[in-house]
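Shown next, in structure tokens, is the structure this report addresses.
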Amino acid sequence: MRCYFFSVLVILFFLTGCALHPLGPLDKAPRHQAAKNSGYHPFAWGISTSSLQYEDRSKKSGTKEYFERDWDILVQDKKAPPVGNALYSWSHFDKDLKALKKIGVNSYRFSIEWARVEPRPGEYNEEAIHRYVAMVRKLKEAGIEPYVCLWHFTFPSWLVDKKNGANTNWLNPLARSHWNRYVSRMVQEMAPYATYYAPQNEPNGQILTAYIVGLWPPNHTLDFQGYKQAIAVSADFFRDAAARIKEIQPDAKIVSIEAIPYWYHGPLDPGGMIYNTVEHNAFDHLDKIYDVCDIIGFNYYYSQIAGPLSMLTQGSHRGTHFTMMGWHIDPPALGKLIRQIGKRYDKPMMITENGIATLNEQKRIEYLHDHIAQLQKTREEGYDVKGYFIWSLADNYEWHYGYVPKFGLATMDEKTFQRKLKSSAFYYRDVIRASEKARKVVPDP
């Protein structure tokens, strides 16, 4: 799940002068050349999760299998809320699988924790690798297509340079060679069971938060040079991963996952400077990697006005049209974004995350209903949308927000670790059943 922060200072300094790809008229869907390709599974009704937000550690400090992430250092430095054992998904993956089967999804997106697999440079945890492979195999056996995300925000702590933040994570001299070996190893192991791979989750949002806003490692504020370098390097990492995946498994499908809200022009934005700035953050990384993607995946939660007042007050809004995080609920904007991205890249698309933080289940159901309606509408218009994933399976750790936001279709029983489904989970089950029964969603070739 995304943790997306903006600062008005970004408006004043951030990345001006680069032209975006021109968009054509939005009244007609493009003819997707990629849609003619074979090998795609039927429409993906899915759920998305991530390793740090769901997995318990399982092993204690001092053991060979112990690992540490850059986020753990952040918690130790009291710059982020404690994670604890999250939802115990490492020890109790069977509970997640049982809940997924009850809901009836045919797809599940989860992430591999790089630090767990490679706790020290060049040392691989074979037990962890085998367990991840077992998870993929169990999903396939249950009729659920696994979508394997190879990186979801966190890095092994050995890529953190506390003395020189310029050599941290993406920009660490060790990162690229170890990334490539890690990717090759995991794909080789998972190839018998996995077809869909997402090399990275929301690199554009993570890098903004790390180098401009200063909340994530290396905790740099207004480091525009570091931002540009990290965007470029992360795109190189993505392209490296895509090449290795295809070399090992030629029939694999590469999926992007980018953080893309829908931005409206604001009245206090003369010349569209702010709008162009935020659009750059939305699309610059994707522009560098779209050509190696089989599917353009993106996460959509809210729309926002590109203006100083909107950015200053984001998170403070409350009421019917806002989530408990203050995000503006705007289902029609999802339709606009599908059309925009469809015209921009002319490739198959997926909504790889969509969901709402709320304590009100009726509000969650209405949110899902209205966004799914936009998805169906754009498909009827001819846009090649191949999947929809809800964030998330159960209420979980939400980065700097801790355990406060409630995004889940379920809660966890702290004694039995069972996932207790909410009414929204049964609503989603009924949507999936109805779509299959009525064949309103036509399977892809």
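How much length is gained if the chain between His369 and Tyr401 is pulled fully straight, taking 0.36 nm per residue apart and subtracting their Cα-Cα distance, in nm to one decimal?
Details: separation 32, 0.36 × 32 = 11.52 nm, distance 2.59 nm.
Going from the current span to full extension adds 8.9 nm.
Between Thr416 and Asp56, what length comes free when the chain is fully extended (0.36 nm per residue of separation minus the Cα-Cα distance, one decimal in nm)?
Working: separation 360, 0.36 × 360 = 129.60 nm, distance 1.47 nm.
Additional length available on full extension: 128.1 nm.
Please arrange Cys149, Cys293 by counting, for each residue, the other beta carbons lying within 10 Å of its beta carbon, fewest first. Please list the in-between numbers first.
On the way: Cys149 24, Cys293 21.
So the ranking, lowest neighbour count to highest, is Cys293, Cys149.
Count neighbours as other Cβ atoms within 10 Å of each site's Cβ, and list the GluC sites (Glu not before Pro) in region 235-305 that are DSSP loop with at most 16 such neighbours. Display every interim value, and only then the final one.
On the way: sites: Glu247, Glu258, Glu279; in loops: none.
For GluC sites (Glu not before Pro) across region 235-305 that sit outside H, G, I, E and B with at most 16 neighbouring Cβ atoms in 10 Å, the list is empty.
Hey, which lysines would be in cross-link range of Lys162, C-alpha to C-alpha under 29 Å, not counting anything within fewer than 8 residues on its own chain?
Lys59, Lys60, Lys64, Lys78, Lys79, Lys228
What is the extension gain from Ala243 to Asp430, computed as 0.36 nm multiplied by their sequence separation minus the C-alpha to C-alpha distance, in nm to one decimal? Working shown, then result.
Numbers: separation 187, 0.36 × 187 = 67.32 nm, distance 3.87 nm.
Taking Ala243 through Asp430 to full extension adds about 63.4 nm, to one decimal.
If you plug each phi of region 116-126 into the Karplus form 6.51 cos²θ - 1.76 cosθ + 1.60 with θ = phi - 60°, what whole-Hz ³J(HN,Hα) values come out, in order, with x for Gly and Pro?
With the stated coefficients, region 116-126 comes to 5, 6, 10, x, 9, x, x, 9, 9, 8, 4 Hz.
Can you list the lysines whose alpha carbon sits under 19 Å from that of Lys422, skipping same-chain ones fewer than 8 residues off?
List returned: Lys95, Lys98, Lys101, Lys102, Lys363, Lys406.
Under unit Cβ charges (Lys, Arg +1; Asp, Glu -1), what dipole magnitude, rounded to 20 debye, does the chain have relative to its Cα centre?
Working: 54 positive and 48 negative charges, 172 e Å.
Roughly 820 debye for the chain.
Within 10 Å, at most 16 other Cβ atoms, and a DSSP state outside H, G, I, E, B define an exposed site. Report the longest part of the chain free of exposed trypsin sites (Lys or Arg not before Pro). Don't skip to the answer; put the middle values down first.
On the way: sites that count: Lys28, Arg31, Lys60, Lys64, Lys78, Lys79, Lys162, Lys163, Arg318, Lys415, Arg439, Lys440.
With a cap of 16 other Cβ atoms within 10 Å, the longest stretch comes to 164-317.
Could you tell me which of rounded, prolate or oblate describes region 249-376, using a ≥ b ≥ c as the square roots of the eigenvalues of the alpha-carbon gyration tensor, with rounded for a/c under 1.5 and, failing that, prolate when a/b is larger than b/c and oblate otherwise? Don't skip to the end; give the middle numbers.
On the way: a/c = 2.25, a/b = 1.24, b/c = 1.82.
Cα axes put region 249-376 in the oblate bin.
Work from the charge dipole of the chain (Cβ charges, +1 for Lys and Arg, -1 for Asp and Glu, about the Cα centre) and give the residue of Ile329, Tyr193, Gly143 farthest towards its positive end.
Going by the charge dipole, the pick is Gly143.
Within 12 Å, Cβ to Cβ, of Glu127, how many net charges do the neighbouring residues add up to if Lys/Arg are +1 and Asp/Glu are -1? List each step's numbers first, then the result.
On the way: positive: Lys59, Lys64, Arg116, Arg131; negative: Glu65, Glu126.
Net charge around Glu127: +2.
Test of understanding: ordering Met186, Met135 by Cβ neighbours within 10 Å, fewest first, what list do you get? Mind dumping the intermediate values first?
On the way: Met186 27, Met135 23.
In order of increasing Cβ crowding within 10 Å: Met135, Met186.
Taking 8 Å as the Cα distance limit and 6 or more residues as the minimum spacing, I'd like the relative contact order of region 8-438 as a percentage. Please report the intermediate quantities before stating the final value.
Numbers: 801 pairs, mean separation 84.2, N = 431.
The value is 20 percent.
Work through the residues other than Arg364 whose Cβ is under 10 Å from its Cβ and net out their charges, Lys, Arg +1 and Asp, Glu -1. Show your work: numbers first, answer last.
On the way: positive: Lys363, Lys406, Lys422; negative: Glu361, Glu366.
With Lys, Arg at +1 and Asp, Glu at -1, the net is +1.
Put a dot 7 Å past each Cα toward the Cβ at Leu268 and Glu380; how far apart are the dots in nm?
3.9 nm
If you average over every viewing direction, what projected area does the convex hull of the Cα atoms of region 8-438 give, in nm²? The partial results should precede the final answer.
Values: hull surface 78.9 nm².
The directionally averaged projection comes out at 19.7 nm².
Ranked by Cβ crowding within 10 angstrom, fewest neighbours first, how are Ile144, Ile47, Ile356 ordered?
Working: Ile144 20, Ile47 29, Ile356 26.
The most exposed by this proxy come first: Ile144, Ile356, Ile47.
Read-outs throughout are calculated quantities, based only on the coordinates presented, and are distinct from any laboratory measurement. Computed from a predicted model, the values in this text were never measured in an experiment. Cβ atoms come from the backbone with ideal geometry, glycine included; neighbour counts cover every protein chain shown.
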